[in-house]
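Notes follow the structure.
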Amino acid sequence: MSADEVRQAGLELGRNDLLTHEQAGSAIFGFWVFLMSDAVIFALLFATYGVMLPATVGGPTPADEYKLVPTLIETVLLLTSSFTFGLASVAMKHGASRRQLLGWLGVTLILGIGFLGMELHDFMIMFSDGAVPSRSGYLSSFFALVPLHGLHVFFGSVWIVVMMVQVLTFGLDARVKVNLQRLGLFWHFLDVVWIAIFSVVYLQGMIQ
Amino acid sequence: MTDGILPAVLGRFEWQSLPFVRAWEHPNASEIVGAGAGAVVIIGAILVAALITRLGKWRYLWSEWFTSVDHKKIGIMYIVLAFVMLSRALIEGVLMRMQQATAVNSPGFIAPDHFAQLFSTHGTIMIFFMAMPFLTGLINYVMPLQIGSRDVAFPVLNSVSLWLTAAAAALVMASLVVGRFSTGGWSGYPPYTELAFSPGVGTDYWIWAVTLGSVGSTLTGINFAVTIYKMRCAGMRLMRMPLFVWTALCTSILMIFAMPPLTVATALLALDRYLDFHFFTNDLGGNMMNYANLFWLFGHPEVYILILPAFGVFSEVVSTFSSKQLYGYTSLVIATAVITVLSFTVWVHHFFTMGQAADINAAFGIATMAIGVPTGVKIYDWIWTMFLGRVRFTVPMLFSLAFMMTFVLGGFTGILLAFPPLDYLAHNTLFLVAHFHNMLIPGLLYGMLAGYHYWFPKAFGFRLDEKWGRISFGCWVLGFYLAFMPLYVLGASGMARRTQAVFEPSFRPWLYVAGIGALLLAGALASLFVQLWVSVRDRKANRVFAGDPWDGRGLEWSISAPPPEYNFAVLPQVNSRHPFHDGKRQDDPYAPPRAYEDITLPRNSMTGPAIGILAAAAAFGLVWHMWWLAIIGALAISAVVIARSFARDVEHTISADEVQRTEQRWLRAAANAAPIPRELEMTSANQGLAEVSA
């Protein structure tokens, strides 16, 4: 098995850590497949949202409820967090100091929590306007899709904390490295989903 | 109950939730049947627990089975679960047939609400807790052996999937004892299953049982697909894989893509019921058509999740018991792949009558008929495999032949139903019920039973009793035709499905015939259990320790029966589609390797059973609105997952010496066994060594 052989899509450990690189083959591939089935769930919720968009039944409409500035800031926070996670991955791959790795993970975590806080704040405002899921089919579909992404970010944040503890406990053993690679895929996946939410839900809603 | 601590603890539980209390208060036949079923569950559980305690086997079961991550043991546990659930759901089917036979212009002995629970549990169990565990178990056991691997890609995840499925099945069983089950059918269509019409716990039992099962199956699909892509032994190119592995791969791909729609459908229905969302309600913009689409976006691929592995079994069985290589291997692979893709393009045919435009129906009708083409290719391939072969009519082969005849018949009625105008006439009648039983009994059950008979000697080291196998086979086939052919007639005459009482006297004779058929099917299952009993009793005479009772072709036959924990002492290297068949003819497949090495395997783990128990508890809490239990369960599951990620000592090593001892015991037995010709394979002379002819 040569170091240059491509074992999986995404960041490769390659010649930096041959042993883990080989182990990562099925572990990372399996996680890609998991993300694929998770993506199916999001795709179906997007489709449901699209179908139910007209069903406002006299209640709040997308144009009433969506605000450009907060969602734009949320987008910037999340995209930046993806970039900082990328820096964490690079730090892991090239054996930079543990402090550097933990630092970038910490920054990612803070950005993720910032995103969650702002999103919750948005939801609170919607709730105070009477835009609650029980009001209409449209709001039901909104509150199934967007908070599910938020829930994913929440789980991702918990996962970051777990991985930081593991880096401190075990150092960078093979399992930590593989799980950091998986977490990276997960975090970038959330970015992709958010870009779809921002374009399909928020931007489209504000145009109407 | 007043406000206070009790409602917070017990949720919406009350004494009338217990079927025994209901039967005491209203002692009619229907309630007594319900209480009887509840009692059977409780007494059965107590008896099993007492037996295990008496034999002192708890520790053994826990450390050797429940916490095991060995794909072989997990596979066997899946199949045990499938047989338990099959027994319950089959009895429910018999009860429904008895009810309809006695309910012509009379109320019969089962109340309408109870009857609705019967058809809902029957369907739910047969699909999710009989068929899925059976095929998952079979793939789990066989596939890693066939690809020359020591385990699946994610052994602990495999155990988690098993215990999630078991938890879901336990939830369905619990509904017999506490509360009642859904009356909304196995497909659970809203708005009937919304709070407005089904306020009780039944629908919630259905939602959480199906959700747990579908999450388990998604994880299984991921696990199998990665195993097949990444863990094949050296030289096992894709086009050298046994056909069963191909069907396992396609089924896994279907699971990965088709289970999420089910999860979404049940989750959205749960949001409607628990948090007052409006996805499928009649008011405030809900639209039940979304549910129909989501459910059948899962439901149709599900049919092929069920049927493809059976196609794989038949391919192995027909080839082995004809002593010929599979005819048209490439075309069978292509046909399997085509079915996999087409299965995503036909879901609307489950609701032709629900209001979409005629041209949409036409497109889906044509796509539906198109699936008949690759399926036809397969039937011809199996027939050509038998042609001029040395066919032996063993039990698995008999099931394969019965499948081919019966499945084609069901396919024809499927083509009929694929015409939207004709479907308008036959929809929601017993014609449809007859059709899908005609597909799934041969296309799933016969396949699973063929596989069970075929690989049982590999798993346990002795053959199943042939005589009782034939009796059981006869009952399965005759019972099927008697039970379901009348339903075509009844359906074509307009009898609606899911009817508790019948008001047309001319239906009576057909219902009697169907009732007799159902009793025969119950006899078929009983014969299977008798067969198992007889086979275990006579196991000494039927041992096939050498491992190759049927002159097999694939790698799974090249090791001892039962296989050692590590499967292969040395990972095999293959250079053809029939490595063991060719190996036997080229050189000695029982020659010891040059050297043995230490083998590292995953260590047992409590993660799977822990997550299963907690998931069952959380789901039970959700059903009964015992929020504390649901929250504790969910948090504890997260804690278990995180704790597991901290585990480091997760492997154990079998020393080269031990491997050598185990292998030598087997090789000595193989050397001492007498090779037998095919005429003797059903006799005690068969010790698992095949006489090799050119």
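Taking every Cα-Cα distance in the stretch A:62-208 and sorting them into 10 Å bins from zero, the calculated P(r) comes out as 11, 40, 26, 15, 7, 0 percent. Please label the shape of the protein assembly as shown as rounded, prolate or oblate, based on the square roots a ≥ b ≥ c of the eigenvalues of the alpha-carbon gyration tensor (a/c under 1.5 means rounded; beyond that, a/b larger than b/c means prolate, else oblate). In terms of gyration-tensor shape, oblate. If you take the Cα centroid of the stretch B:615-654 and the Cα centroid of the stretch B:383-439, the two points sit 43 Å apart. Between the stretch A:147-208 and the stretch A:66-136, the alpha-carbon centres lie 9 Å apart. Based on C-alpha pairs under 8 angstrom that are at least 6 apart in sequence, the stretch B:387-447 has a relative contact order of 49 percent. Using only alpha-carbon positions in chain B, the gyration tensor eigenvalues give semi-axes of 41, 31, 25 Å once each is multiplied by 5 and square-rooted (largest first). Taking a point 7 Å out from the Cα of B:W533 in the direction of its Cβ, the residues of the stretch B:463-506 whose backbone N falls within less than 18 Å of it are B:464-473, B:475. Residue by residue, the stretch B:661-670 carries 3J(HN,Hα) couplings of 4, 4, 5, 5, 4, 5, 5, 4, 4, 5 Hz when phi is fed to the Karplus relation 6.51 cos²θ - 1.76 cosθ + 1.60 (θ = phi - 60°); x denotes Gly or Pro. Derived scalar couplings between HN and Hα for the stretch B:138-148 equal 5, 4, 4, 6, 8, 4, x, 5, 6, 9, x Hz in order, rounded to whole Hz, by the Karplus curve 6.51 cos²θ - 1.76 cosθ + 1.60 (θ = phi - 60°), x for Gly and Pro. Please name the residues of the stretch A:175-208 whose accessible area, counted over protein heavy atoms with a 1.4 angstrom probe, falls by no less than 20 Å² between the chain alone and the full protein assembly. Going by heavy-atom accessible area, the residues of the stretch A:175-208 that drop by at least 20 Å² are A:R175. The charge dipole of the stretch B:395-540, taken about the Cα centre with unit charges on the Cβ atoms of Lys, Arg (+1) and Asp, Glu (-1), comes to about 500 debye, rounded to the nearest 20. Rounded to two decimals, what is Rg over Rh for the stretch B:322-391 when you use alpha-carbon atoms and the Kirkwood radius? Rg divided by Rh gives 1.19. Within the stretch B:276-292, the residues that become at least 40 Å² less accessible when every protein chain is included than when their own chain is isolated (1.4 Å probe; DNA, RNA and ligands ignored) are B:F277, B:H278, B:F279, B:L284, B:G285, B:N290.
The alpha carbon convex hull volume per residue for the stretch B:395-540 rounds to 103 Å³. Loop-located chymotrypsin sites (Phe, Trp or Tyr not before Pro) across the stretch B:491-523 with a Cβ neighbour count of 16 or fewer within 10 Å are B:F503, with loop assigned by DSSP. Residues whose amide H comes within less than 5 Å of that of B:G108, counting only those at least five positions distant or on another chain, are absent (H built at 1.01 Å from N in the peptide plane).
Looking at the protein assembly as shown, the accessible area is 39 square angstrom per residue; that uses a 1.4 Å probe and ignores ligands, DNA and RNA. In this entry, the stretch A:78-146 is assigned a mean projected area of 5.4 nm², taken as a quarter of its C-alpha convex hull surface. Amide H contacts under 5 Å for B:T429: B:R497, restricted to partners 5 or more places along the chain or on a different chain, H placed in the peptide plane at 1.01 Å from N.
Taking every alpha-carbon pair under 8 Å whose residues sit at least 6 apart, chain B reaches a relative contact order of 17 percent.
Rounded to 0.05, the FRET efficiency of the A:F154 and B:A643 pair, given R0 = 25 Å and the Cβ-Cβ distance, is 0.80. In this simple spin-label approximation, B:F197 and B:L238 carry label points 7 Å from Cα along the Cα→Cβ vector, and these lie 4.5 nm apart. The lysines whose alpha-carbon is closer than 23 Å to the alpha-carbon of A:K177, local same-chain residues fewer than 8 away aside, are A:K93, B:K230. A simple count of charges around B:A103, restricted to other residues whose Cβ falls under 12 Å of its Cβ and scoring Lys, Arg +1 and Asp, Glu -1, yields +1.
Per the accessible-area calculation with a 1.4 Å probe, the total area buried between chain A and chain B rounds to 2800 Å².
Rolling a 1.4 Å probe across all protein chains gives B:W206 an accessible area of roughly 0 Å². In chain B, the DSSP beta bridges split such that about 65 percent are antiparallel, to the nearest 5. For the protein assembly as shown, the share of accessible area belonging to carbon and sulfur comes to 70 percent (1.4 Å probe, ligands and nucleic acids excluded).
Computed over chain B, the per-residue total of -39500 (n - 2.57) for DSSP H runs of n ≥ 4 gives a 222 nm mean residue ellipticity of -21500 deg cm²/dmol, rounded to 500.
In a DSSP loop and with at most 13 other Cβ atoms within 10 Å, the trypsin sites (Lys or Arg not before Pro) in the stretch B:29-77 are B:K57.
Contact residues in the stretch B:206-242 by the 30 Å² criterion (accessible area, 1.4 Å probe, full protein complex versus chain alone): B:I222, B:V226, B:K230.
The values are calculated or read from the model by the stated rules, or taken from the named source; none is laboratory data. In this text, all values refer to a predicted model and were calculated from it rather than measured experimentally. When we count neighbours, we look across all protein chains shown, and the Cβ atoms used for this are built from the backbone with ideal geometry, even at glycine. Heavy atoms of the whole protein, side chains included, go into the accessibility calculation; ligands, DNA and RNA do not. Shrake-Rupley method; radii C 1.70, N 1.55, O 1.52, S 1.80 Å.
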